[in-house]
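One structure is given below, encoded as structure tokens.
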Amino acid sequence: MGKLYLVATPIGNLEDISARALRILREASLIAAEDTRHTGVLLQHYEIKSKTISYFEHNKIHKLETILEHLSNGDVALVSDAGTPAINDPGYELIKAALNAGFDVVPVPGASAPISALIASGLPTDSFLYLGYLPHKSNERRKTAEQVDRLPYTLIFLESPHRIIDSLEDLLTVLGNRQICVAREMTKMFEEFWRGTISSAIEHFKSQRPRGEFTLVVAGKSKDESTLWTEEELRAAIQKELGKNKSAKELSADLSEISGWAKKDVYALINSMK
């Protein structure tokens, strides 16, 4: 019985791959790749001859059984176009299926765009929230930002060059003029880490044509800011959560963290509303 290896590949610079990852790719009976042509460049560079099969969003159901059959006879390596597989791609569904079928799933760590941008951002790294690609529509982007507006965690988003300005403007509207690091073309020739406020970032990227894929690292809500909810806001949040089968203790702990209210005061308010 084979193992499913989750092999991280470079996000740009082909040197950013481990010796272990190269060995696994060489020894695998099959490499399941998001784009076989893209992965083929990496495999050709390192003279790896392993068989490849495409596994991406639009064929994931059709190819799932084929890959599981291969696992019955040998190891399979799962790779994405760049970075760590299963992050923003359908890999997690294959992983879940493999686990349910009794196969071992083994991570082979390596490059990751969100983590690379975070550690170079200059923003707090002790607690962060990764939210993937921002929605395409402005009203949905704003809703996403509103959901995390009051959280103290550093926020990480992905964005395309076509929507970067619109997304920055929506973040400015909802989150305010926070500190941000805009990372693009990481590990490549034209790598850039732009650091400053969101409003300044908008002006910067309006002055030159945005190119490459972007990772946005945004400061969380500052502890120095006034984050205390009004009683009306807290009551509305409690009312929304009361039907979700959470105990008063669990709910008070959750809402205390994001509302600025003491846990005992939230608990008392919850009980008064039941």
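The values are calculated or read from the model by the stated rules, or taken from the named source; none is laboratory data. In this text, all values refer to a predicted model and were calculated from it rather than measured experimentally. Using ideal geometry, Cβ is built from the backbone for each residue, glycine included, and neighbour counts are taken over all protein chains shown.
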Query raised in the report: Any chance segment 81-92 includes a residue that's touching a helix residue (DSSP H, G or I) at 6+ places or on another chain (Cβ under 6 Å) and small (G, A, S)?
Result: yes
Query - Condition check for N73: out of contact with any His (no Cβ under 9 Å at 6 or more places or on another chain) and either touching a residue at least 24 places away in the same chain (Cβ under 8 Å) or of a type in the set (F, W, Y) (or both) - result: yes
Query raised in the report: Yes or no: L134 among the hydrophobic types (A, V, I, L, M, F, W, C), closer than 13 Å to V174 by Cβ, buried (at least 17 other Cβ atoms within 10 Å of the Cβ) and outside the structural domain of K60 (by TED's automatic domain parsing)?
Result: yes
Requested in this report: Under 7 Å between Cβ atoms, at least 6 apart or on separate chains: pull out the pairs that start in segment 122-143 with a residue that is among the charged types (D, E, K, R) and end on any residue that is surrounded by fewer than 13 Cβ atoms within 10 Å (Cβ to Cβ).
Outcome: none
Query raised in the report: Of the residues that make up segment 207-228, is at least one assigned to a strand (DSSP E or B), of a type in the set (F, W, Y) and either at pLDDT below 90 or surrounded by 15 or more Cβ atoms within 10 Å (Cβ to Cβ) (or both)?
Result: yes
**Report entry** Every pair of residues 6+ apart whose Cβ atoms lie under 6 Å, when the first sits in segment 235-259 and is under 13 Å from N271 (Cα atoms) while the second is modelled with pLDDT of 85 or more and aromatic (F, W, Y)
**Finding:** A248/Y267; S252/Y267
Requested in this report: Could you list all residues from segment 257-267 that are closer than 12 Å to E231 by Cα and part of a helix (DSSP H, G or I)?
Outcome: S259, D265, V266
